Amino acid sequence: MINTNTAFDMLPTVVTIYDKLKIDEYIKVTAEENKGKKKANTIVTGIAMFKYILKRSQDVKEEIFEVVSIFEEKTIEEIKTQSFIKTINSMKKIFTDKDATELFKQAIK
């Protein structure tokens, strides 16, 4: 579980990632493409968003390092040199934490 202080430390960087990746535009385009179709399966929609973010990950690499460094309480340099799997697992923990994701959603609205 991510504590409140950590979540608030991450907020500015999470919003920067959201803006740099133009998530609002992606959602609008996706909604337009699926207009008139049956309601999209949540899992399929989530996978599509994850793929979109992965494709654009180079654009937010430094911000990802920053978020993980806050979460793991390490320096950005330590995050850059640790194993890729450890970094991905930390990202997964951050973005699957129910309370943290709810806070991030509220901050982005």
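The computed semi-axes √(5λ) of the Cα gyration tensor in Å for the structure shown corresponds, within (1) 26, 15, 13; (2) 33, 20, 13; (3) 34, 15, 11, to (1).
With only Lys, Arg, Asp and Glu charged, each at its Cβ (+1 for the first two, -1 for the last two), find how big the charge dipole of the chain is about the Cα centre; round to the nearest 20 debye. Provide the component values of the computation, followed by the final result.
Working: 19 positive and 17 negative charges, 155 e Å.
Here the chain has a charge dipole of around 740 debye.
Expected output is a single nm value to one decimal: the length gained when fully extending between Q58 and D24, i.e. 0.36 nm times separation in residues minus the C-alpha distance. What is it?
Details: separation 34, 0.36 × 34 = 12.24 nm, distance 1.86 nm.
Extending this stretch completely gives an extra 10.4 nm.
Which order do the peptides 10-23, 90-103, 59-72 come out in when sorted by mean C-beta neighbours inside 10 angstrom, highest first?
Working: 10-23: 16.9, 90-103: 14.9, 59-72: 18.8.
My ranking of the peptides, most packed first, is 59-72, 10-23, 90-103.
Selection among Y18, I88, A31 by position relative to the dipole of the stretch 4-108 gives A31 as farthest towards the positive end (Cβ unit charges, Cα centre).
Here, each number is a calculation from the coordinates, and none is a lab measurement. None of the values given here were measured: they were computed from a predicted structure. No Cβ is skipped: glycine too gets one built from the backbone with ideal geometry, and neighbour counts run over all protein chains shown.
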